[in-house]
1. Taking amide hydrogens as modeled 1.01 Å from N in the peptide plane, which residues meet the under 5 Å criterion relative to Leu101, leaving out close sequence neighbours?
2. Hey, can you grab everything whose amide H is under 5 Å from the amide H of Asn89? Only 5+ residues off in sequence or another chain; H modelled, so Pro and N-termini drop out.
3. Give me a comma-separated list of calculated 3J(HN,Hα) values for the stretch 57-72, in order, Karplus coefficients 6.51, -1.76, 1.60 applied at θ = phi - 60°, integers in Hz, x for any Gly or Pro.
4. In nm, to one decimal, how far is the modelled label at Phe42 from the one at Ser64, with both set 7 Å along Cα→Cβ?
5. If the label point is 7 Å along Cα→Cβ of Ile71, which residues in the stretch 82-109 have backbone nitrogen under 19 Å from it?
6. Quote to one decimal, in nm, the extra length available between Val51 and Ala2 on full extension: 0.36 nm per residue of separation minus the C-alpha distance between them.
Amino acid sequence: MAAFGRFSQTLLRSVSGAQTRQLSAAATHGEQGGKTWKLLTFLVALPGVGVCMMNTFLKAQHHSHDHPEFIPYTHLRIRSKRFPWGDGNKTLFHNSHLNALPDGYEDHK
């Protein structure tokens, strides 16, 4: 039994020692990892953000600024009681251009 205990302790020391050697070896390559992330940031991430911004800008230029068609469905824009702010008919984050009231858009009245 004592031989098994010594063998398991020796085995544990060799395994833990190998792990610490691997970790310390990985730490020496830290400068290479930082350089890689710096290159990825400047060569991939920033141009990707620029392309996305340009795509959004170009789509906004071709976007129609008309109201969506108002269809007075009975199940939409139900007001069972008044809102506690303003005139009681508009939601808290009301957008007069996009959000219709129960009887239509505000500027078509």
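1. Amide H neighbours of Leu101: Glu106.
2. Placed amide hydrogens put Phe83 under 5 Å from Asn89.
3. So the Karplus estimates, Gly and Pro as x, are 4, 5, 5, 5, 5, 9, 7, 6, 9, 8, 5, x, 5, 8, 10, x Hz.
4. 4.6
5. Within reach of a label on Ile71: 98-105.
6. 10.8 nm
Read-outs: derived from the displayed coordinates by stated rules, not from any lab. Every value quoted in this text rests on a predicted model; they were computed, and no experiment measured them. Please note: Cβ atoms are built from the backbone with ideal geometry, for glycine as well, and neighbour counts cover all protein chains shown.
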